[in-house]
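Data first, discussion second: the structure below is written as structure tokens.
The values are calculated or read from the model by the stated rules, or taken from the named source; none is laboratory data. In this text the structure is predicted, and so the values were computed from the model without any measurement. Here the Cβ positions follow ideal geometry from the backbone for every residue, glycine too, while neighbour counts run over all protein chains shown.
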Amino acid sequence: MRSLLRSFRFALRGILFCICNERNMRIHLVVAVYVFTLSHFFPLSNVEYAVLIISIVMVIAAEIINTAIEEFVDISSPSFDPLARIAKDTAAGAVFVTAAGAVGVALCIFWKPEGFCSIGRYFTENPSMLIVAGVFTVLALIFIFAGPNRMRTVVKTNRKPNEHKK
Ligand SMILES: Nc1ncnc2c1ncn2[C@@H]1O[C@H](COP(=O)(O)OP(=O)(O)OP(=O)(O)O)[C@@H](O)[C@H]1O
């Protein structure tokens, strides 16, 4: 049981590392929060929710694997190497493919005019929620571009402060 908990802790540490150090990971998370929040305005079936969850999880998992490959390449090939470039480019390509697929899935699922009408109706009837949405958007942008500073201190890395650019 203890070793199982330890495994969860290591996995969680890896996920937190990605959130703290990878801007793209933070973008995926923010998009996921927006998608699930707005999905309440659309008449989605359980199967559509399942497809949406699978698509989002695939993008996030691809980003985590991409980060693992980037870190591994940086360890094994700190200087320029054509093979290192191929490894990093193909890993990034995997994220791109899953993200493009998720956009396609979202287009299929959210292509329902009644959903957009109910979003418009909701904000017309609750104008104060526009302020909440605005504040959330500002916080989301800070989270994406500044990163969760407090979390950075929790996740211990061996990097020097300026070693990572994001
Ligand atoms: N050691 C290396 N040898 C050759 N090319 C490299 C090397 N490191 C990085 N590159 C090239 O620079 C690109 C960006 O690499 P970098 O490590 O900065 O990824 P990144 O910008 O952090 O990626 P992401 O946005 O997915 O996190 C790679 O896709 C690759 O083409």
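Conditions tested, residue by residue: (1) near the ligand (Cβ under 9 Å from one of its atoms); (2) of a type in the set (D, E).
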{"site": "L38", "(1), (2)": "no, no"}
{"site": "F41", "(1), (2)": "no, no"}
{"site": "N66", "(1), (2)": "yes, no"}
{"site": "D74", "(1), (2)": "yes, yes"}
{"site": "S77", "(1), (2)": "yes, no"}
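Find the residue count for region 116-166, including only residues that are modelled with pLDDT of 65 or more and within 16 Å of the ligand (Cβ to nearest atom).
3
Among (1) in contact (Cβ under 8 Å) with a residue 12 or more places away in the chain; (2) assigned to a loop (DSSP other than H, G, I, E, B), there is one condition F80 misses while meeting the rest; what is its number?
Result: F80 passes all but (1).
Can you name the condition, by its number, that D89 falls short on among (1) in contact (Cβ under 8 Å) with a residue 12 or more places away in the chain; (2) within 9 Å of the ligand (Cβ to nearest atom)?
So D89 meets the others, but not (1).
Output the number of residues of region 94-113 satisfying the condition of being surrounded by 11 or more Cβ atoms within 10 Å (Cβ to Cβ), at pLDDT below 95 and in a helix (DSSP H, G or I).
Total meeting the criteria: 0.
Among the residues of region 57-87, which ones are over 19 Å from I15 (Cα atoms) and either surrounded by 15 or more Cβ atoms within 10 Å (Cβ to Cβ) or of a type in the set (G, A, S) (or both)?
S76, S77, S79, A84, A87
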